[in-house]
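Presented below is the structure to which this report refers.
The values are calculated or read from the model by the stated rules, or taken from the named source; none is laboratory data. From a predicted model like this one, the values you see are computed outputs, not experimental measurements. Note: ideal-geometry Cβ built from the backbone for every residue, glycine included; neighbour counts use all protein chains shown. The protein model used for the area step is the full one, side chains on, heavy atoms only, and it has no ligands, DNA or RNA in it. Shrake-Rupley method; radii C 1.70, N 1.55, O 1.52, S 1.80 Å.
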Amino acid sequence: MRTIHKILIANRGEIALRIMQTCRAMGIATVAVYSEADATSPHTRFADEAVFIGAATAKESYLSGERILAAAHATKADAIHPGYGFLSENAEFAEACANIGVTFIGPSPQAIQQMGLKIAGREIAAAVGVPTVPGYNGEDQSNAALRDQMLSLGFPVLIKASAGGGGKGMRVVRLMSEMDDAIDGARREAEKSFGDGSLLLEKYIEQARHVEIQILGDTHGNLVHLFERDCSLQRRHQKIIEESPSPVVTAELRERMGAAAVSIGKALDYTNAGTVEFILAPNGEFYFIEVNTRLQVEHPVTEMITGLDLVKLQIEIAEGKPLPFAQSDLKTHGHAIEARLYAEDPNNDFLPATGTIHDWLLPAIDGLRIDAGVEQGSDIGINYDPMLAKLIAHGTTREESLRKLRYALKSLLIQGVTTNQEFLLRLLGRPEFANGNTHTGFIAEHLAELTKAEDAELDRASAIAAALYWQKSWQSSDALMANLPPSYRNNPYRNPSLKLQLGTQEALVSWRHIASDQFEVTTLDTTAQAQILSFDARHIRLVIDGVQRSFRLMKVGDHLYLHSSLGSRTITRLPRHPEVQAAAEQGSMISPMPGLVAKILVAVGQAVKAGDPLLILEAMKMEQTMRAAVDGIVETIRVAEGEVVGPGAMLITLK
Ligand code: ADP
């Protein structure tokens, strides 16, 4: 046994901060590592010491084992906590730590290596009698062999990268005609993301749930499970909502799944924290899918229902201490749900979004935990995972934690970056979720209803608040005249009016002065009575048709960001007579997101049909295939492979 006094956290964002908080509570000194992009990030500033490790790309910083080990050496850290992602499941790195006498806080390099490939995981599960999803994990990786295997498994089939993680390299195949494209795409994504293109096939189980078991093993041969997490709500095969207990797992099933997870852990001589993942089919059968040999993103859910600190336990296990409890000592209390807030656009295929967080305010509610890695002023770029924060609510019952989470999400304020906040709210508001009646394909199945962005009440109130904000700015000081939109009219013969862009729609708002600070405001086909109760540069409190609300405001460039109990809106003032937009070139393809041109699939002069793939764009290691919108001939290719493009960049034109 040894005592750890100083830990280097080989990660960034919310997980680095979360680990450091436990270290601080235990009296352990912390060392952050940071890239060029993170010189002033919260995790860098929170640590007792911080070491610069390289350029912004992950490869040159958070994935550079060598530089991280040098930082550990320079700061005399006793141990390294890898968090999740980056080097957390890299057996060579764990081995290299041991070689220089630094404790790697995680399982043994052997266990990481063994479970690094899904193929090996399937073999171990089968050896201890835990069922796996019917599939193919043979050596013949030719398209012909994979096609044959798909046909014999029967559609739908799921292609997975053996070295995969984070849903990368996964493709569901439902038709014969999709087979080759899917195999090639999965292989390319796997090679790019993991440097290993080997694929495996599994029968795709429809209407399934994702249920995983947290395990914890010490170096004295004790291994327990900490119950399940249900992570069935996913987009792109990536979790966004997780909860425990699962609304569909009975005590009897929990015991069986827990025992299956423990038997896999024991077969691996597993130490430290890990997660055994299962697919729970609608008929109640469960199948092993993989072991994640690290702390999971969603571990707080388990912490909230068990009252345990998993990071503290990980550190104590790494110190050689025995687990302080046996399986029979472990109990759960109440229910916890987590929602992941991402910088992404649900209305644009969940593509990652970038920007600066201009305004950021977190709700404080009893039983609510927020693990965030960003703050006001943070720049969200394309180099790292777009998860911004996790909100975890705990309650006595599922209804209670769900209600709390919804209220918290609604109250959370983030301006300047497109996020999935409203999407999460709609998802959590679905009756199917309240009834515990969802599955891993639920989001894809209900995408249209879930991404519907209209909210007439929010739009109307935001337009009114924006108009009165401008009215008040004009009244209160000449200095604020600079804030007036060019279209603003203060014509004594006419009521003032403004033209606004409000979310996806345009709105004209006009108002009439009735009495001091009282107006009649007409917008979006309705007229409201509005009164200004108080006003400063960042807030306006209004009564609109009898209801008082505060609006928090922020003006950045042309945008006015507004937030109230109804939600958030970004408002842009529009010129009264819109300039004639340069007509979009016929058939031109514009980049929908910031990213890297991974592959160009056509040549100038080539004839293409609508729907043909033209180019592959990549951001945060996700591939997006850009397809021709019309039939035509490739006229120009405006970008090169390897080039980084911004959103709205012209990529290819067709004639
Ligand atoms: P990754 O390691 O990339 O996260 P997983 O193997 O853990 O990949 O699978 C990710 C998600 O894909 C699972 O949570 C589950 O929802 C879905 N999934 C995986 N295997 C199957 C399957 N055979 N049938 C249906 N869904 C599956």
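Would you mind stating whether L313 is over 13 Å from C231 (Cβ atoms), modelled with pLDDT of 95 or more and either part of a loop (DSSP other than H, G, I, E, B) or assigned by TED's automatic domain parsing to the domain that holds P82 (or both)? Step through it out loud before you land on a result.
Working: over 13 Å from C231 (Cβ atoms): yes; modelled with pLDDT of 95 or more: yes; either part of a loop (DSSP other than H, G, I, E, B) or assigned by TED's automatic domain parsing to the domain that holds P82 (or both): no.
No.
I'm trying to understand the selection: among the residues of the stretch 21-47, which are closer than 15 Å to G83 by Cβ and outside any helix (DSSP H, G or I)? Those that are closer than 15 Å to G83 by Cβ and outside any helix (DSSP H, G or I): T30, V31, A32, V33, Y34, S35, S41, A47.
Set side by side, the residues I241, I215 differ, and just one is more than 16 Å from V297 (Cβ to Cβ), more than 9 Å from the ligand (Cβ to nearest atom) and assigned to a strand (DSSP E or B), which is I215.
In summary, D525 fulfils each of the numbered conditions (1) acidic (D, E); (2) at pLDDT 95 or above; (3) out of contact with any strand residue (DSSP E or B) (no Cβ under 7 Å at 6 or more places or on another chain) with the single exception of condition (2). Residues in the stretch 172-188 that are open to solvent by less than 60 Å² (accessible area, probe 1.4 Å) and within 13 Å of the ligand (Cβ to nearest atom): V172, V173, A186. Residues in the stretch 263-279 that are out of contact with any helix residue (DSSP H, G or I) (no Cβ under 8 Å at 6 or more places or on another chain) and not in a strand (DSSP E or B): S263, G265, K266.
Among the residues of the stretch 1-13, those identified as open to solvent by 10 Å² or more (accessible area, probe 1.4 Å) and either in the same structural domain as N383 (by TED's automatic domain parsing) or farther than 20 Å from N90 by Cβ (or both) are M1, R2, T3, H5, K6.
Taking the options K168, K160, name whichever one is within 12 Å of the ligand (Cβ to nearest atom), part of a loop (DSSP other than H, G, I, E, B) and under 25 Å from A111 (Cα atoms).
Working: K160 fails: part of a loop (DSSP other than H, G, I, E, B).
None of the other options fit; the residue is K168.
Starting from residues that are part of a loop (DSSP other than H, G, I, E, B) and within 15 Å of the ligand (Cβ to nearest atom), keep the ones in the stretch 194-205 and report whichever is nearest to L153 (Cα to Cα). Walk me through it before giving the result.
Here is the first cut: in the stretch 194-205, the ones part of a loop (DSSP other than H, G, I, E, B) are 195-198, 204-205.
If we keep only those that are within 15 Å of the ligand (Cβ to nearest atom) too, we end up with 196-198, 204-205.
Working: D196: 24, G197: 21, S198: 18, Y204: 9, I205: 12 Å.
For the stretch 194-205, the residue satisfying everything is Y204.
Take L153 and decide whether it is within 13 Å of the ligand (Cβ to nearest atom), hydrophobic (A, V, I, L, M, F, W, C), crowded, with 16+ Cβ neighbours inside 10 Å and more than 26 Å from the chain's Cα centre (by Cα). Yes: the conditions hold for L153. Only a single item in (1) part of a helix (DSSP H, G or I); (2) surrounded by fewer than 22 Cβ atoms within 10 Å (Cβ to Cβ) is not met by R18, and it is number (2).
Any chance you could count how many residues in the stretch 1-14 are touching a Ser or Thr at 6+ places or on another chain (Cβ under 9 Å), within 23 Å of A96 (Cβ to Cβ) and modelled with pLDDT of 95 or more? Outline the logic, then answer.
From the stretch 1-14, those touching a Ser or Thr at 6+ places or on another chain (Cβ under 9 Å) are 2, 4, 6-13; that's our starting set.
Subset that is within 23 Å of A96 (Cβ to Cβ): 2, 4, 6-12.
With modelled with pLDDT of 95 or more added as a condition, the list becomes 4, 6-12.
Result for the stretch 1-14: 8.
Scanning the stretch 194-209 for residues that are surrounded by 18 or more Cβ atoms within 10 Å (Cβ to Cβ) and touching a His at 6+ places or on another chain (Cβ under 8 Å) yields A208, R209.
Hey, could you check the stretch 218-238 for residues that are in contact with a Gly (Cβ under 6 Å, 6 or more places away or on another chain) and in a loop (DSSP other than H, G, I, E, B) and say which is nearest to the ligand (Cβ to nearest atom)? So the residue we want is H237.
Pick from V262, V291, V301: which is surrounded by fewer than 23 Cβ atoms within 10 Å (Cβ to Cβ), of a type in the set (V, I, T) and in contact (Cβ under 8 Å) with a residue 24 or more places away in the chain? I'd like the intermediate steps shown before the answer.
Working: V291 fails: surrounded by fewer than 23 Cβ atoms within 10 Å (Cβ to Cβ); V301 fails: surrounded by fewer than 23 Cβ atoms within 10 Å (Cβ to Cβ).
Among V262, V291, V301, only V262 is surrounded by fewer than 23 Cβ atoms within 10 Å (Cβ to Cβ), of a type in the set (V, I, T) and in contact (Cβ under 8 Å) with a residue 24 or more places away in the chain.
In the set E191, E252, only one residue is surrounded by fewer than 20 Cβ atoms within 10 Å (Cβ to Cβ), at pLDDT 95 or above, part of a helix (DSSP H, G or I) and more than 10 Å from the ligand (Cβ to nearest atom); that residue is E252. Listed by first and then second residue, the pairs linking a residue in the stretch 149-160 that is farther than 11 Å from A186 by Cβ to a residue that is aromatic (F, W, Y) and surrounded by fewer than 23 Cβ atoms within 10 Å (Cβ to Cβ), with Cβ atoms under 8 Å apart and 6 or more places separating them unless they lie on different chains, are Q149/Y136; L153/Y136.
Would you mind finding the one in S35, S64 that is over 21 Å from the mean Cα position of the chain (by Cα), on the phi < 0 side of the Ramachandran plot and polar (S, T, N, Q)?
On the way: S35 fails: over 21 Å from the mean Cα position of the chain (by Cα).
Being over 21 Å from the mean Cα position of the chain (by Cα), on the phi < 0 side of the Ramachandran plot and polar (S, T, N, Q) holds for just one of S35, S64, which is S64.
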